[in-house]
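The values are calculated or read from the model by the stated rules, or taken from the named source; none is laboratory data. The shown structure was predicted, so the numbers you read here are calculated from the model rather than taken from an experiment. When we count neighbours, we look across all protein chains shown, and the Cβ atoms used for this are built from the backbone with ideal geometry, even at glycine.
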Amino acid sequence: MSTPTFFNRQALHLRPDPSRVVVRPFRPALEPRDYNPVDKVRANHIVDRLLSLDAEAVAQLLATTLEKFDDRHRNLPEVFARRAAEMDPAFAHHAAFSDDQRQLIGAYFLHEYSFEAAALFNPSIVPHPDQTDVPTGALRFVLSLRAVGEGHVSSLTFRCGIITADGTIEVDQPGQLSALPVVTARVGDRVDIAFGADSALAERVIFPITEAQSNGIEDARFVAFEDGGQTTYYATYTAYNGRAIRSELLETQDFVSFRLSPLKGAAARNKGMALFPRKIDGRYAMIARYDNENLHLITSDNLHDWSLGTPLIKPEYPWEFVQIGNCGSPIELDEGWLVFTHGVGPVRHYAIGAILLDKHDPSHVIGRSRVPLVQPEETEREGYVPNVVYTCGAMRFGDVIVLPYAISDTFSTVATIGIERLVAILTEDFIPV
């Protein structure tokens, strides 16, 4: 199966960079420490040892620590102090810490984590909320990516870029700094977070916060959702705790503050949900695969509660016999709703295809690819997970689709696809069921 001529892959590679690190809480505990409470005895031993140092020794140790780490993180003294405050309930009664003691105690309960050391993959793309000073005919975009570090823990990271009027795609190189957000509110598993407004978008890393997310925030499918003249950026993603999964929803309007909430209902107990960019007949709509094999259309009056829905397609061609799923939110075209799909074939070989849904009644399939549009190149089959191409969301730009996608769950690239030829491929000789 050859790659269609209308497919134009850019000379662009987004690869994992182990030098990019964040500071995460360290909790002295029984192993595995992620699933056991803080060992207060050990925590207080650390504090007691530090308090045995005189003021000069504390100041010198803090200065040395900051010299080693301050240029790798933003506002590190503030991060140290905040971590000390978080740990304070575990400490025995003590006199008030000096500022130096407080910062140093916080440092002892943190560690650096290389959040994208292993992989940077499964991207999605949406227009950037700020198009200030963008050249005429160009578009600034936000690229989201799944980053994987030690222990196969997944987090969400970002890049900014520009697609120029002639279709050239440029992605800004991230700086060295990276940072986690501050939790601003929490009600159960609903969490509000915020980053410093002075941080660059590529610095911001959304790392697992709740127990349900503890082993990963995976495969965020972003969409710019329009409702009543207002744009809200939503992303459905998979929360994974090492044993079970569920679908959750992220929302933001500025990519500075975010809300993360669990989704409810029978359809949310699996993964791979993708929200339409607007309501359909007054209701929210999703593409979902809640039975592990087939794609369904589901609708709801409540953005956070999703029941079962209408079957759309099931595996039909050999390259998708194991299962099919969506590859991001539907894209509205004049001809219908374009949905990129993935199919899994022999030896769990992942390829990308597409379907076209009726513009007015998306429960009707009006086009489908018989062969993959994108599949692993022979020279790129090896990686963290071999034989995989995958995307979590594309975007329309004029007469092309901008398709970021990952290769072998290791790195990401970007291609453009001509819409006219794509629609022709999907609808040629298609016979609706």
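Might you check whether a residue that is assigned to a strand (DSSP E or B) and assigned by TED's automatic domain parsing to the domain that holds Ser412 occurs anywhere in the stretch 314-322?
no
Could you tell me which of the residues Arg283, Arg370, Arg348, Arg278 is within 22 Å of the chain's Cα centre (by Cα), surrounded by fewer than 23 Cβ atoms within 10 Å (Cβ to Cβ) and either assigned by TED's automatic domain parsing to the domain that holds Ser124 or more than 23 Å from Tyr237 (Cα to Cα) (or both)?
Arg278
Name the residue that is farthest from Met286 (Cα to Cα), counting only residues in the stretch 218-240 that are of a type in the set (Gly, Ala, Ser) and surrounded by fewer than 21 Cβ atoms within 10 Å (Cβ to Cβ).
Only one residue fits best here, namely Gly229.
Out of (1) assigned to a loop (DSSP other than H, G, I, E, B); (2) at pLDDT 95 or above; (3) over 27 Å from Ser154 (Cα atoms); (4) out of contact with any helix residue (DSSP H, G or I) (no Cβ under 9 Å at 6 or more places or on another chain), what's the single condition that is false for Cys392?
(3)
Can you find a residue in the stretch 328-342 that is surrounded by fewer than 24 Cβ atoms within 10 Å (Cβ to Cβ) and in contact with a Ser or Thr (Cβ under 6 Å, 6 or more places away or on another chain)?
Taking every residue of the stretch 328-342 in turn, none turns out to be surrounded by fewer than 24 Cβ atoms within 10 Å (Cβ to Cβ) and in contact with a Ser or Thr (Cβ under 6 Å, 6 or more places away or on another chain).
Quick check, is Ala285 assigned to a helix (DSSP H, G or I), in contact with a Ser or Thr (Cβ under 6 Å, 6 or more places away or on another chain), of a type outside the set (Ser, Thr, Tyr) and on the phi < 0 side of the Ramachandran plot?
In short, no.
How many of the residues making up the stretch 101-115 are surrounded by fewer than 21 Cβ atoms within 10 Å (Cβ to Cβ), farther than 23 Å from Glu203 by Cα and either touching a residue at least 40 places away in the same chain (Cβ under 8 Å) or within 27 Å of the chain's Cα centre (by Cα) (or both)?
Counting residues in the stretch 101-115 that are surrounded by fewer than 21 Cβ atoms within 10 Å (Cβ to Cβ), farther than 23 Å from Glu203 by Cα and either touching a residue at least 40 places away in the same chain (Cβ under 8 Å) or within 27 Å of the chain's Cα centre (by Cα) (or both) gives 1.
Return the only residue of Ser214, Ser247 being in contact with a Pro (Cβ under 6 Å, 6 or more places away or on another chain) and under 20 Å from Phe121 (Cα atoms).
Within the list Ser214, Ser247, the selection yields Ser214.
For the stretch 203-249, which residues satisfy the criterion of being among the small types (Gly, Ala, Ser), within 18 Å of Ser178 (Cβ to Cβ) and out of contact with any Leu (no Cβ under 9 Å at 6 or more places or on another chain)?
Gly216
Which of the residues that make up the stretch 116-165 are of a type in the set (Gly, Ala, Ser) and surrounded by fewer than 18 Cβ atoms within 10 Å (Cβ to Cβ)?
Once the filter is applied, which keeps residues that are of a type in the set (Gly, Ala, Ser) and surrounded by fewer than 18 Cβ atoms within 10 Å (Cβ to Cβ), the stretch 116-165 yields Ala117, Gly137, Ala138, Gly151, Ala165.
Looking only at the stretch 337-366, how many residues end up being closer than 16 Å to Ile287 by Cα and in a loop (DSSP other than H, G, I, E, B)?
Qualifying residue count for the region: 7.
Let me confirm something: among Leu297, Leu356, Leu308, Leu373, which residue is of a type outside the set (Asp, Glu), within 17 Å of Ile417 (Cβ to Cβ) and out of contact with any Asp or Glu (no Cβ under 8 Å at 6 or more places or on another chain)?
One residue alone meets the criteria, Leu373.
Only one of Gly353, Gly343, Gly367 is in contact with a strand residue (DSSP E or B) (Cβ under 8 Å, 6 or more places away or on another chain), of a type outside the set (Phe, Trp, Tyr) and in contact (Cβ under 8 Å) with a residue 40 or more places away in the chain; which?
Gly367
From the list Val126, Val79, pick out the single residue that is of a type in the set (Val, Ile, Thr) and farther than 28 Å from Gly151 by Cβ.
Step by step, each of Val126, Val79 is checked, and only Val126 is of a type in the set (Val, Ile, Thr) and farther than 28 Å from Gly151 by Cβ.
Out of the residues in the stretch 288-315 meeting the condition of being more than 25 Å from the chain's Cα centre (by Cα) and without any contact (Cβ under 8 Å) to a residue 24 or more places away in the chain, tell me which one is surrounded by the fewest Cβ atoms within 10 Å (Cβ to Cβ).
Once the filter is applied, the top-ranked residue is Asp301.
Against the condition in contact (Cβ under 8 Å) with a residue 24 or more places away in the chain and among the polar types (S, T, N, Q), how does Asn44 come out, does it pass?
Here the answer is yes, as Asn44 does meet what is asked.
What do you reckon, is Pro404 within 25 Å of Leu312 (Cα to Cα) and not aliphatic (A, V, I, L, M)?
Considered against the rule, which asks whether it is within 25 Å of Leu312 (Cα to Cα) and not aliphatic (A, V, I, L, M), Pro404 comes out as yes.
Taking the stretch 17-41, which residues are basic (Lys, Arg), crowded, with 16+ Cβ neighbours inside 10 Å and either free of Cβ contacts under 8 Å to residues at least 60 places away in the same chain or farther than 16 Å from Arg72 by Cα (or both)?
Matches in the stretch 17-41: Arg27 only.
Mind listing whichever residues of the stretch 143-165 are without any contact (Cβ under 8 Å) to a residue 40 or more places away in the chain, more than 25 Å from Glu86 (Cα to Cα) and outside any loop (DSSP other than H, G, I, E, B)?
Gly161, Ile162 - these are the residues of the stretch 143-165 that are without any contact (Cβ under 8 Å) to a residue 40 or more places away in the chain, more than 25 Å from Glu86 (Cα to Cα) and outside any loop (DSSP other than H, G, I, E, B).
Anything in the stretch 241-272 that is touching a residue at least 40 places away in the same chain (Cβ under 8 Å), of a type in the set (A, V, I, L, M, F, W, C) and surrounded by fewer than 16 Cβ atoms within 10 Å (Cβ to Cβ)? List them, or say none.
Selection gives Ala266 alone.
From the list Ala96, Ala92, Ala84, which residue is loosely packed, with under 13 Cβ neighbours inside 10 Å and closer than 10 Å to Val47 by Cβ?
One residue alone meets the criteria, Ala92.
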